[in-house]
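Notes follow once the structure below has been shown.
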Amino acid sequence: MQNPQHKLVDGLTRRQLLWRAFSAAPVPLVTFGARRLAATTEESCEVPHHKNRALIIIQLTGGNDILNTVVPFEDSAYHKARPTLRIVAQKAIPVTDSLAFHPALKPLEDVFRAGTLAVVQGVGYPNSSRGHDEALRDWHTARPGDEVERTGWLGRACDELLTHNPIAVHAVFVGRGKPPQAIIGRHFFVPRITREDDLVDTQPPYESESLSAIVTPAEASRSAAEATLVDFVREVARQAWDLRRKVIAVLEKSDDLVRASRFDLERVLRLIGRLIQAELGIRIFYVDFGGPPPGGFDTHANQLENHDALLSELAWSLKSFVTMAERGGFLDRVLLMTFSEFGRTLAENGRHGTEHGAASSLFVVGSAVNGGILGEHPSLSDLDQGGLRYHTDFRCVYATLLNEWLGVSPAAVLGKLPGPTVPLLKPGV
Amino acid sequence: MKTATFRSSMSSFRAIDPKWAWDEYNSNPQEPWDLKKAAHLYRRAAFAPGYGDLSRALEDGPAKTITALLTPPEGLGLFHSEYDTLLKDAARTQGWAGIRAWWLRRMMESPFPLEEKLTLFWHTHFAIAGDRVGDPALLTDYLIRLRQKCRDSWEDILAEVALHPTFLLSGGAPSHRKMAPNIHWAKVFCDHVALGPHNHRVLKPEEVARVWTGWFVLNKKLRFIPTERDTDPKTIFDQTGDLTVAELVQLVGRHPLSQEFIVRKLYQYFVSDEHSPPPALLRPLVELLETTNSVHAVVERILRSNLFFSPLAYRAKIKSPVELVVGLARSFESLIPTAPLGEELASAGQDLCNPPSFEGWPAGKHWIHQGTYLARKRLLKRIVGGPTAQSTLDPWKTAQKYQKASIRDFPKFLAELLYQHDLEPCVEEALQKRWNSLTQIRPFAPGQAAKILLTEFLLLPEYELT
């Protein structure tokens, strides 16, 4: 493999030359808030603070009942509206004077107290849909009400990342089934994986893997202007085989942690942890928890047991991932966010379940997170057709993640924002 | 122009004389008709050449070879009627997986591969997504009609698609009410179907949305409801009146900007998608479309042209995943099981039933990144090394057919068939050494060794280029 520091023309390495040649803009200038950096080297094509950061999105499909997840146990309206479903204060895990976690979230209590979990309250959007498909579409496209749009917010974010690095795998969908619309972009294709070796072929390599590199040194003196398509595919090949070696190295030294997982979500998150540790440059991981729509969180009947099981899997899996990330030293490089297409109604429905609601809360996990309860709890007396009324538009949360965590322009991905960004991250992150 | 290789320079692109570009290529001492040019033609017009195709093309010369590729062969009607029946059955019993499998098989077996390439071109252009249509039978009907029209006039093709229910369903616009004209969808129509994103104000989405009022998809059929029709005058280009969808289609299909949009896409599909050609270069093709009203005529002019056979076009595209595997099958005159292939191609970025965005699939360099590159290589490896029971891909047998199945000739056979000796000498030498070591294994199993060597050839980055 060629030494990447080997200087060629004008003090630039071959890789930097190729990067210039393959980027859409000759010398891209990236403006992120107050930071403005000229991308004159491969390393500075992205803002350094952002380049090693990963974002994990967990979709809780079905409409999670946030009122029984983070319980307003001091509010009599809650107890009155939910005679059979309410979580009583004695069983709940208090996290503030008025809010408590569902008992199944016990594993997250430590995470919350350590300040690495934020609960962003009252998140939704105007005229939110109560249909699963429509509401998911709105959260995925970040263009509420637009039935025509086919791309998703993370797909468009990948398209932006692609202009800085046309070769890296910017995102993966970890799961089975149809890829969610959120990750569909115009130019970047997000691979789907269920196991580590879905991304790479772990069979012994062929000679061609090394043959890909044979011709590279002889071509290194070519200038960026002369770089042609064959240079591009050879560079992709070199980096792809590199990626393959990294994944295999991680697999070889891996213990049985991934296989020993108790829950499917835990296995998926540990798999993601492995891929983050392999430093493959993947910035976005998308996980579907709850299955295809309407999804497991759609608890219209006999909610208590089902919800308890789902929250238990979620909490144990998150806790397990946080432990892994702490031990692996990458909790500061990862931000994990859960979302659901809507919350549920305050009142239970007579079948020991709840109906589709409106606003919900997001869980955000990571050592960079501004831990605690963020935002006011929506009023239980001023409801939006029986559900909670939103005060924070989800697109403002997306904008925060894009701008402050991934270093991607929110305007390019989301267009005009309906409000300011959200103080999700610790100051100075 | 220098001889084409993998390293064809694009530096002289802007200086091309349009007349020279589209004049007919004739073999000459500087640019002789050779293996490279014949293979280039087959890769672009027919997915890939078999060894027999190359030999015949060298014998026939460019003009006759191109005519053969452009002419529907005898028996095509029967071939299609059998395949249409199989496709409809597969759509009914296996859904999307059946459609993908039978279309891929048709691409591998069609006696008229250019038609399949053009059907794929239009499918990418209209970007109709099965997931949005929701009914495999409806998508099947659309694809059959698309194939029937694929070489006609732009106006006819647009008319066929515009009034097919899949068009509105895939666009997320099954209802066009008088009081709520669908501007979002009309913008998509202007930007991605009719004119391209830079020209949409020439065709105003507000007006286009009103033209469509009254049209609905009900029970999977297109219905016109007169009471939902906005009968006020609409202005499309310079025409004003109570214009209908049929009139809109006619105006769009005949508008020079729309014709340039389609010609540009045909250029990118058949010549190169690495650089945006200047309008002056496209002008002769646009004029040809205006005068002949025939997509076939434009494709013919492209395939016969100096520019098409110049280094500017040579290996100047990255294969789509479909081109990658269909080309492999056609190179070895073989049939690869297509049932698993549909899903594998989706994993490599091309779900045949679901172009991801209104722009179709990503093209050019966007086809490959680290992840999709590995997925493509794994797929090629799996196809060659997979179970032989269902696959007829056997490189040693193909070599036998052409009297090249000997220890001495086989590497040269692959180098000619797949790369036309464009690989760097050091790479060819390394592959020869690999072959030498494979032939030392006792007992020598030529079929197995041939497959291993073929895999080595396919795993080279250069195989990604067309």
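For B:Ala159, only one of the following conditions fails: (1) in contact with a helix residue (DSSP H, G or I) (Cβ under 7 Å, 6 or more places away or on another chain); (2) under 19 Å from B:His80 (Cβ atoms); (3) in a helix (DSSP H, G or I). What is its number?
(2)
Could you say which residue among B:Ala445, B:Ala415, B:Ala450 is more than 12 Å from every other protein chain (Cβ to nearest Cβ) and crowded, with 19+ Cβ neighbours inside 10 Å?
On the way: B:Ala445 fails: crowded, with 19+ Cβ neighbours inside 10 Å; B:Ala415 fails: crowded, with 19+ Cβ neighbours inside 10 Å.
Answer to the selection: B:Ala450.
Of all residues in the stretch A:135-162, how many are more than 11 Å from chain B (Cβ to nearest Cβ) and surrounded by fewer than 23 Cβ atoms within 10 Å (Cβ to Cβ)? It would help to see each step written out before you state the result.
Going through the stretch A:135-162, the residues more than 11 Å from chain B (Cβ to nearest Cβ) turn out to be A:135-136, A:138-140, A:142, A:144, A:153-154, A:157, A:160.
Within this subset, residues satisfying the condition of being surrounded by fewer than 23 Cβ atoms within 10 Å (Cβ to Cβ) are A:135, A:140, A:144, A:160.
Result for the stretch A:135-162: 4.
What do you reckon, is A:Thr151 among the hydroxyl-bearing types (Ser, Thr, Tyr), modelled with pLDDT of 80 or more and more than 21 Å from B:Ser347 (Cα to Cα)?
Details: among the hydroxyl-bearing types (Ser, Thr, Tyr): yes; modelled with pLDDT of 80 or more: yes; more than 21 Å from B:Ser347 (Cα to Cα): no.
When the stated conditions are applied, A:Thr151 does not pass them.
Looking at B:Thr240, B:Thr235, B:Thr244, which is the one that is β-branched (Val, Ile, Thr), farther than 16 Å from B:Gly171 by Cβ and without any contact (Cβ under 8 Å) to a residue 24 or more places away in the chain? Talk me through it step by step, then tell me what you get.
On the way: B:Thr235 fails: without any contact (Cβ under 8 Å) to a residue 24 or more places away in the chain; B:Thr244 fails: without any contact (Cβ under 8 Å) to a residue 24 or more places away in the chain.
Among B:Thr240, B:Thr235, B:Thr244, only B:Thr240 is β-branched (Val, Ile, Thr), farther than 16 Å from B:Gly171 by Cβ and without any contact (Cβ under 8 Å) to a residue 24 or more places away in the chain.
Enumerate the helices (runs of 4 or more DSSP H) found wholly within the stretch B:255-312, keeping only those where 2 or more residues are within 17 Å of the chain's Cα centre (by Cα) and of a type in the set (Lys, Arg). I'd like the intermediate steps shown before the answer.
On the way: elements: B:256-270, B:279-292, B:295-303.
Helices (runs of 4 or more DSSP H) meeting the threshold: B:256-270.
Find the residue count for the stretch B:185-215, including only residues that are among the aliphatic types (A, V, I, L, M) and in contact with a Gly (Cβ under 7 Å, 6 or more places away or on another chain).
Total meeting the criteria: 1.
Taking the criterion of being more than 30 Å from A:Lys426 (Cβ to Cβ) and of a type in the set (Ser, Thr, Tyr), would at least one residue in the stretch A:148-171 satisfy it? Lay out the reasoning, then the answer.
Here is the first cut: in the stretch A:148-171, the residues more than 30 Å from A:Lys426 (Cβ to Cβ) are A:148-151, A:166-167.
In the following step, the residues that additionally are of a type in the set (Ser, Thr, Tyr) were identified as A:151.
Yes, some residue in the stretch A:148-171 is more than 30 Å from A:Lys426 (Cβ to Cβ) and of a type in the set (Ser, Thr, Tyr).
Check B:Ala346, B:Ala316 and return the single one that is touching a Ser or Thr at 6+ places or on another chain (Cβ under 7 Å), within 14 Å of chain A (Cβ to nearest Cβ), within 22 Å of B:Pro362 (Cβ to Cβ) and not acidic (Asp, Glu).
Going through B:Ala346, B:Ala316 in turn, just one is touching a Ser or Thr at 6+ places or on another chain (Cβ under 7 Å), within 14 Å of chain A (Cβ to nearest Cβ), within 22 Å of B:Pro362 (Cβ to Cβ) and not acidic (Asp, Glu): B:Ala316.
Let's see how each residue does on (1) modelled with pLDDT of 95 or more; (2) within 13 Å of chain A (Cβ to nearest Cβ); (3) not in a helix (DSSP H, G or I):
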position	(1), (2), (3)
B:Lys117	yes, no, no
B:Phe121	yes, no, no
B:Tyr142	yes, no, no
B:Arg147	yes, no, no
B:Asp152	yes, no, yes
B:Glu155	yes, no, no
B:Lys187	no, yes, no
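For the stretch A:52-71, how many residues are out of contact with any Ser or Thr (no Cβ under 9 Å at 6 or more places or on another chain) and either over 30 Å from A:Ala89 (Cβ atoms) or part of a loop (DSSP other than H, G, I, E, B) (or both)? Steps first, answer last, please.
As a first pass, look at the stretch A:52-71 and keep what is out of contact with any Ser or Thr (no Cβ under 9 Å at 6 or more places or on another chain): A:52-56, A:71.
Adding the requirement that they be either over 30 Å from A:Ala89 (Cβ atoms) or part of a loop (DSSP other than H, G, I, E, B) (or both) leaves A:52-56.
Here the count works out to 5.
Filter the stretch A:166-215 down to the residues that are assigned to a strand (DSSP E or B) and facing chain B (nearest Cβ under 7 Å) and list them by number. Reasoning before the result, please.
Applying the first criterion (assigned to a strand (DSSP E or B)) to the stretch A:166-215 yields A:171-174, A:192-193.
Passing the criteria: only A:Arg192.
Being modelled with pLDDT under 95 and under 26 Å from B:Trp33 (Cα atoms) narrows it down to one of B:Pro443, B:Pro425, B:Pro411, so name that one.
Details: B:Pro443 fails: under 26 Å from B:Trp33 (Cα atoms); B:Pro411 fails: modelled with pLDDT under 95.
After applying the criteria, what remains is B:Pro425.
Select the helices (runs of 4 or more DSSP H) contained entirely in the stretch B:358-466, then report the ones holding at least 3 residues which are in contact (Cβ under 8 Å) with a residue 60 or more places away in the chain and either under 26 Å from B:Ala46 (Cα atoms) or of a type outside the set (Phe, Trp, Tyr) (or both).
Numbers: elements: B:370-385, B:395-401, B:410-414, B:425-440, B:446-458.
Because the criterion is at least 3 residues that are in contact (Cβ under 8 Å) with a residue 60 or more places away in the chain and either under 26 Å from B:Ala46 (Cα atoms) or of a type outside the set (Phe, Trp, Tyr) (or both), the helices (runs of 4 or more DSSP H) in the stretch B:358-466 that meet it are B:370-385, B:395-401, B:446-458.
Restricting attention to the stretch B:308-328, which residues are among the polar types (S, T, N, Q) and modelled with pLDDT of 95 or more?
Taking the stretch B:308-328 and keeping what is among the polar types (S, T, N, Q), we get B:310, B:320.
Within the stretch B:308-328, just B:Ser320 meets the criteria.
The values are calculated or read from the model by the stated rules, or taken from the named source; none is laboratory data. Values in this document were obtained by computation on a predicted structure and should not be read as measured data. When we count neighbours, we look across all protein chains shown, and the Cβ atoms used for this are built from the backbone with ideal geometry, even at glycine.
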